[in-house]
Amino acid sequence: MDLREAYKILGLSEEATNDELEKQYMLWIKRYHAHQHEQNAEKPFDMDMITLAYNTVKHVNEYGSTTKVENRSFSHQFQHFLHYYKLHIVGVIILLIFVGSIIQTLVSNHQEKKELASLPPEDLGIMLYGDFFPLGSEVTPVSTNVLAAFPSWKRVTTQSNYAPTEISDTMDAGNQQKSVLTLMSDQSDVYIMGEANFEQLMKLEVFQPLGTTLKGKVQGENLIYGKSPADESEQIYGVVINDNTIFEGLEVKDTKKIAAIRADADNKDNALNLLIELTK
């Protein structure tokens, strides 16, 4: 293609810079894509000719000649393919990543359900709630210690929910908000926490009153009384933990810890037995 003809097709002057050439070509590409989305629309220009004109000018700028522009190398053709369809390529890559993440999630969920189905029924679920343990602690030792105390039980699950009682920075605020969200979806039977966290959760009516069940089985000084917003009468809601063997293998602060039973606990009898054990 003649160089003057190439400039004319592109709508550029022969003094145009490389930046102007690139901007003008991108403008033609955008116009082409816009017309592609119009149904039954006549193409007002020949994009193949525009691309050839662009390659002609670019080849002259790089090599000083128009020789064999029409039969340019595979690498040039591939570069212009990427340049021309880069938006489509990016879209396809994003779609593949999205689909891949969905497939991976489904496979992981299926594998997790399969593993849970192979386990024995849960005898008790325990939640360590508060900041009496370091953030990110491995709490499996608690399950091991409880199973050692109750040999007839087959499966005890323990999870941690780090909830700082004092907010000193944005990380503390974030952890506290996260703890509330975790609390909403949690189904643990027994909660073990510090005194401040116990008082906060009492206001949310998280725990069930224990009535007279523990009287005679737990010393009076180890019983924790409270009043829920819905019931002004003072009742037993928890116990003070005296037996710290449950925490062997886990770093915890030497502070007062309280155990209470969740209002909708599935394993209430086992939970009561654990509370009695913890006060010995």
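The values are calculated or read from the model by the stated rules, or taken from the named source; none is laboratory data. Since we're looking at a predicted model, the values are computed, not measured. FYI the Cβ positions are ideal-geometry reconstructions off the backbone, even for glycines, and counts take in every protein chain you see.
Quick look at the numbers
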| item | result |
| --- | --- |
| Residue among Lys253, Lys257, Lys203 that alone is assigned by TED's automatic domain parsing to the domain that holds Leu135 and surrounded by fewer than 12 Cβ atoms within 10 Å (Cβ to Cβ) | Lys203 |
| First in the range 34-55 and in the same structural domain as Leu21 (by TED's automatic domain parsing) and within 15 Å of Asp2 (Cα to Cα), second anywhere and among the aliphatic types (A, V, I, L, M) and at pLDDT below 80, Cβ under 8 Å, 6 or more apart | Leu52/Met1; Leu52/Val69; Ala53/Met1; Asn55/Val69 |
| Residue satisfying condition, being buried (at least 17 other Cβ atoms within 10 Å of the Cβ) and either at pLDDT below 95 or more than 34 Å from the chain's Cα centre (by Cα) (or both), within set Gln219, Gln187, Gln208 | Gln208 |
| Members of the range 210-232 that are in contact with a Lys or Arg (Cβ under 9 Å, 6 or more places away or on another chain) and part of a loop (DSSP other than H, G, I, E, B) | Pro229 |
| Some residue of the range 125-146 being assigned by TED's automatic domain parsing to the domain that holds Lys268, more than 26 Å from the chain's Cα centre (by Cα), farther than 21 Å from Lys256 by Cα and part of a helix (DSSP H, G or I) | yes |
| Unique match (being among the hydrophobic types (A, V, I, L, M, F, W, C), modelled with pLDDT under 95 and closer than 20 Å to Val252 by Cβ) among Leu181, Leu124, Leu116, Leu135 | Leu135 |
